[in-house]
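See below for the structure under consideration.
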Amino acid sequence: MTAARFPVEAGHIMMFARAIGDESPEFVAAPDIPATPLAPPTFVMSAAHFDPDYPLRPQPGEQWFGSGGGPGSAVAGSGALHAEQHFEYHRPVRAGDVLYPQSEPGRSWTKQGRTGELVFSETITRFLDAEGNPVVTARSVGVETRRPPGGPEGD
């Protein structure tokens, strides 16, 4: 993730919570709710929309295929799959925070699958506050298939 900064806004939290079907009061800014809204547990994944190079982010003037892997999609025919996601919270994420994501590669390993080798790789993203303190550490695991030479083609 190459987003330089990720501002956490109350409206963004509310829309994210609605999108995941959770309208709990702690995620909504309202006059009768005195506390600053908390972000839902998976909210930091929306930082990708602040990354101009994120391949699934819609671009003005370009047809968008989303994450479905349609023609011209960044994931079309890649054989890649998002396999796991883990979050470690060092403190709650709240409206008004500005987070600074820093990503680096983690572990890599392989396993033999039915149709070829499966290559697993981690990406570790640390979301830091303005003082450089950790707020959330996210660990993403992706898997890519590698077919043996002369093996079957397709998904």
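Brief remarks on what is shown
- Lone qualifier among Val28, Val8 - being β-branched (Val, Ile, Thr), at pLDDT 90 or above and surrounded by 15 or more Cβ atoms within 10 Å (Cβ to Cβ): Val8
- Residue in segment 31-43 that is modelled with pLDDT of 85 or more, in a loop (DSSP other than H, G, I, E, B) and more than 14 Å from Phe127 (Cβ to Cβ) present: yes
- Pairs meeting the criteria (first residue in segment 90-113 and touching a residue at least 40 places away in the same chain (Cβ under 8 Å) and among the polar types (S, T, N, Q), second residue part of a strand (DSSP E or B) and loosely packed, with under 12 Cβ neighbours inside 10 Å, beta carbons under 6 Å, at least 6 apart or on different chains) are lacking.
- For first residues located in segment 116-137 and of a type in the set (Phe, Trp, Tyr), partners that are in a strand (DSSP E or B) and exposed (fewer than 15 other Cβ atoms within 10 Å of the Cβ) and lie 6+ apart or on another chain with Cβ distances below 6 Å form the pairs Phe120/Trp109.
- Selected residue (only one of Ser103, Ser46, Ser73 is under 20 Å from the mean Cα position of the chain (by Cα), modelled with pLDDT under 75 and surrounded by 12 or more Cβ atoms within 10 Å (Cβ to Cβ)): Ser73
The values are calculated or read from the model by the stated rules, or taken from the named source; none is laboratory data. Not measured: the values here are computed from a predicted model. Positions of Cβ are backbone-derived with ideal geometry, glycine not excepted, and every protein chain shown enters the neighbour counts.
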